[in-house]
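I have placed the structure first, in the form of structure tokens, so that the comments after it can refer back to it.
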Amino acid sequence: GTIYWDAGNSGSGSYDRISQAATAAQYKGSWHYWTFTKNAGSGAQIIYLDGNVFLNGTNLHRTMSGILHFLIGQGNWSGSQSYMGALDEFSIWNIDLPQAQIQANMLGDIQPSNPYYGHLLGYYQFNETAVLQALDASPGAHNGQYLATTNPFIAGKNLFRNFVSSVI
């Protein structure tokens, strides 16, 4: 498969894109931590896999302003393919996080003590019990909704982190 990161808009429907082929082991069958960053000022657009650079794009200066809604896991044009996998946590920042912070975020929940917390625009942990609403744990509280999805909840033993075993 191919991993795509489309971002920015020139007002004419065009956008900045970087993409790279990935092995099945990089996106199927086990937990991975993907991070997608864009800095329109410097032109850097980067995809990280498990805290390490997977693909580095340059000279990509289209801005990402005026976003009113977005889709996670599905393209928004006819014929686009949806992501057929599981997600656990999705965050949106208005800053290009340093690689060391991406690696720190990978293994723990984002807390108000995070040095970049003031730049957190959306934080969806997908831990809610209501199937139709995705709660935003960021300061902005921009709750979303699940559309055309099966039950998003999975057993704790199948999660990489944050699982606590208990005996009843």
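Figures for the structure shown
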| read-out | value |
| --- | --- |
| Odd one out for residue 14 among (1) open to solvent by less than 50 Å² (accessible area, probe 1.4 Å); (2) part of a strand (DSSP E or B) | (2) |
| Residue match in the stretch 84-105 (condition: at pLDDT 90 or above, open to solvent by less than 30 Å² (accessible area, probe 1.4 Å) and either in a loop (DSSP other than H, G, I, E, B) or under 21 Å from residue 1 (Cβ atoms) (or both)) | yes |
| Residue in the stretch 17-59 that is surrounded by the fewest Cβ atoms within 10 Å (Cβ to Cβ), counting only those that are part of a loop (DSSP other than H, G, I, E, B) and among the β-branched types (Val, Ile, Thr) | 23 |
| Hits in the stretch 38-69 - residues which are β-branched (Val, Ile, Thr) and touching a helix residue (DSSP H, G or I) at 6+ places or on another chain (Cβ under 8 Å) | 53 |
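The values are calculated or read from the model by the stated rules, or taken from the named source; none is laboratory data. Keep in mind that what you see is a predicted model, and the values were worked out from it rather than measured. Glycine gets a Cβ as well: all are built from the backbone with ideal geometry, and neighbour counts include every protein chain shown. Quick note on the areas: whole protein, heavy atoms, side chains included, nothing else; ligands and nucleic acids left out. Shrake-Rupley method; radii C 1.70, N 1.55, O 1.52, S 1.80 Å.
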